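Below is one structure; the comments refer to it alone.
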Amino acid sequence: MDKKISNKFIYFFGSFGGILFGYDIGVMTGALPFLQTDWSLSSSSSLVGWITSAVMFGAIFGGALAGQLSDRLGRRKVILYSAIIFTLGSVLSSMAPYKGAIFLIVVRIFLGLAVGAASALVPAYMSEMAPAKMRGRLSGLNQTMIVSGMLFSYIMDYLLKDLPGDWSWRSMLFCAAIPAVILFFGVLRLPESPRFLLHNGDEKAARNVLSMIRSSQEEIDGEISQIKETAKEESQAAKNINFATLFSKKYRYLVIAGVGVATFQQFQGANAIFYYIPLIVEKATGSAASSALMWPIIQGVILVLGSLLFIAIADKIKRRTLIMTGGTVMALSFFLPSIIKWLVPNASPMMIVLFLSIYVAFYSFTWAPLTWVIVGEIFPLSIRGRASGIASSMNWVGSWLVGLIFPVMTGAMSQEAVFAIFGVICVLGVIFVKTRVPETQGKTLEQIEEQGLNR
């Protein structure tokens with residue numbers, strides 16, 4: 001028998017996929033103010049938007065491609081390829097020629113392919129390797145690792161900000177390669193998913209893998225039988241299913257609910273704060289953005305604490321209650337700066353940053369993790385693959401568009417007005433959940449499907 005591999009080892013390197021993803025979301029937050037100064041980009045808001053959001057544009061396609069490639073090549077192999085692309089993309093980003101905005105955008109789109117692939121495949125690989133009783137916790141754990149990656153990038157940005165010349169932003173972008181290299185060497189030691197092996201008819205190899213990570217022969221035999229049965233059900237379910245089927249009367253309600261939640265999550269403006277908080281502080285106070293890099297760290301700590309709070313309360317509060325409460329407070333956090341500025345014109349400009357911190361706190365334990373819990377629960381088996389793919393793509397589209405247009409919007413109107421617009425979207429999100437999303441907590445997948453069919 002081969003040497004056993006600890007579940008903790010598997011989760012650790014699964015987590016590194018989240019850290020890798022989070023690091024690249026966060027790293028531009030610190031690099032951008034220095035890049036803007038170095039390349040004189042202050043008046044080029046659309047270019048700033050493209051440099052920031054290029055990764056998310058690439059991720060739209062990376063997630064979709066990874067799903068197809070992983071069914072042909074295996075989960076493990078595609079994660080390895082993603083780690084290589086991520087490493088190359090990070091190194092090339094740090095080597096961008098002077099005022100080479102187009103070069104940097106193209107490289108970051110390339111980098112985005114790996115971000116999209118890792119964000120889709122690493123959680124899938126972990127859940128396929130984990131015992132059934134552990135799978136429920138992985139959603140919250142994955143979110144914790146993503147925000148830990150963001151916090152790590154904010155800390156690195158802060159530590160590297162005083163380097164001379166253009167070394168600061170180049171070092172920040174280069175350091176994104178570190179978690180990718182660690183992920184690569186970690187995944188090299190991991191076996192292929194037993195589900196992929198069985199899908200390709202290699203039961204002997206699947207049993208061998210399970211013998212490394214399960215404690216008894218009985219457990220292995222039971223899981224092999226379960227995987228076979230599930231694969232048979234999925235194969236039957238997938239027959240005669242196409243994209244038109246998703247919006248047929250039978251499935252329309254649940255598809256709109258799941259895709260809608262995934263779309264609203266990003267269009268509510270969270271990534272505008274994550275990407276641009278130093279520039280937001282600069283516009284609010286007039287002090288240089290490069291001197292405001294402590295704020296992202298504060299934000300990162302809030303995100304990590306919020307994700308841990310979610311793990312603690314996830315199964316104690318109804319999904320709809322939690323996400324509607326979060327959305328309401330998030331909306332108020334966006335509206336109140338405008339209202340206060342109207343009532344008290346001389347109010348402190350840092351007020352907006354305080355309210356944005358409240359927004360981040362509530363987002364971190366409501367919309368951020370719950371979106372993916374709902375998406376994982378709400379789609380019937382027969383359409384789960386396709387519907388989840390659409391939800392993920394719409395989420396990436398939202399992330400890309402918010403990153404792209406936020407600098408343009410703040411160039412054309414006040415920050416309070418921009419965030420008030422995002423506040424309206426938060427309100428619409430709450431109304432959508434109230435009217436279009438069923439409660440999924442404590443219900444079996446069959447009961448959820450029945451809820452949808454009875455609407």
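The values are calculated or read from the model by the stated rules, or taken from the named source; none is laboratory data. Predicted, not measured: the structure shown is a model, and the values here were computed from it. When we count neighbours, we look across all protein chains shown, and the Cβ atoms used for this are built from the backbone with ideal geometry, even at glycine.
Points to keep in mind about this one:
- Selection over the stretch 74-103 of residues that are under 30 Å from S44 (Cα atoms), among the hydrophobic types (A, V, I, L, M, F, W, C), in contact with a helix residue (DSSP H, G or I) (Cβ under 6 Å, 6 or more places away or on another chain) and assigned to a helix (DSSP H, G or I) gives a count of 5.
- Filtering the stretch 155-173 to residues that are among the aromatic types (F, W, Y) and either under 19 Å from P296 (Cα atoms) or not assigned by TED's automatic domain parsing to the domain that holds P33 (or both) leaves Y158, W169.
- Close pairs (8 angstrom Cβ cut-off, 6 or more residues apart or separate chains): in the same structural domain as S45 (by TED's automatic domain parsing) in the stretch 378-403, surrounded by fewer than 21 Cβ atoms within 10 Å (Cβ to Cβ) and assigned to a helix (DSSP H, G or I) anywhere: none
- Subset of the stretch 2-53 [β-branched (V, I, T), buried (at least 20 other Cβ atoms within 10 Å of the Cβ) and over 19 Å from L80 (Cβ atoms)]: I25, V27, T29, V48, I51, T52
- Test: residue in the stretch 64-76 that is buried (at least 21 other Cβ atoms within 10 Å of the Cβ), under 25 Å from A272 (Cβ atoms) and not β-branched (V, I, T): no
- When the helices (runs of 4 or more DSSP H) confined to the stretch 330-442 are screened for residues that are farther than 27 Å from D315 by Cα and more than 21 Å from the chain's Cα centre (by Cα), those reaching at least 3 such residues are found at 351-365, 384-412, 415-436.
- Looking only at residues of the stretch 152-198 that are outside any helix (DSSP H, G or I) and under 23 Å from the mean Cα position of the chain (by Cα), we find that the one that is surrounded by the most Cβ atoms within 10 Å (Cβ to Cβ) is A176.
- Which listed residue, of D71, D38, D24, is among the acidic types (D, E), more than 25 Å from I280 (Cβ to Cβ) and assigned to a helix (DSSP H, G or I): D71
- Count of residues meeting criterion [of a type in the set (A, V, I, L, M) and surrounded by fewer than 23 Cβ atoms within 10 Å (Cβ to Cβ)] in the stretch 141-150: 1
- For the stretch 247-279, the tally of residues that are outside any loop (DSSP other than H, G, I, E, B) and surrounded by fewer than 20 Cβ atoms within 10 Å (Cβ to Cβ) stands at 4.
- Sub-9 Å Cβ pairs linking a first residue in the stretch 248-265 that is assigned by TED's automatic domain parsing to the domain that holds W400 and closer than 17 Å to I431 by Cα to a second residue that is of a type in the set (D, E) and outside any loop (DSSP other than H, G, I, E, B), at least 6 apart or interchain, are L254/E449; G258/E377, ordered by first then second residue.
- Of all residues in the stretch 202-246 being over 26 Å from I383 (Cβ atoms) and part of a loop (DSSP other than H, G, I, E, B), the one that is farthest from the chain's Cα centre (by Cα): S216
- Boolean, S287 is outside any helix (DSSP H, G or I), in the same structural domain as V397 (by TED's automatic domain parsing) and modelled with pLDDT under 80: yes
- Filter pass, A292 being surrounded by fewer than 22 Cβ atoms within 10 Å (Cβ to Cβ) and within 27 Å of S45 (Cβ to Cβ): yes
- Cβ-Cβ under 7 Å pairs, at least 6 apart or on other chains, the stretch 49-64 side closer than 10 Å to F110 by Cα and touching a residue at least 60 places away in the same chain (Cβ under 8 Å), far side among the charged types (D, E, K, R) and assigned to a helix (DSSP H, G or I): V55/D24; V55/R108
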